Amino acid sequence: MHNKFSEFEKHKTWILETADGTICWVVGHRLDERFKIQADTKACFSMVFSR
């Protein structure tokens, strides 16, 4: 998370990552481009996060 999050924000921010630790989604902030649905995407799932 290199977007200048304060220590407090880092501790309260949820992160979705792959089994090998690659960050997919910083919940409420941004989704990694590599994990966005593309024209050639074959499978996907939906996740809803609410506070």
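All of the numbers you see were taken from the coordinates with simple rules; none came from a lab. None of these values were measured; they are calculated from a predicted model.
Observations on the model:
- Stokes-Einstein D in µm²/s, Kirkwood radius over Cα pairs - the chain at 20 °C with 1.002 mPa s viscosity: 170
- Set of lysines with alpha-carbon distance to residue 4 below 18 Å, sequence-local pairs under 8 removed: 12
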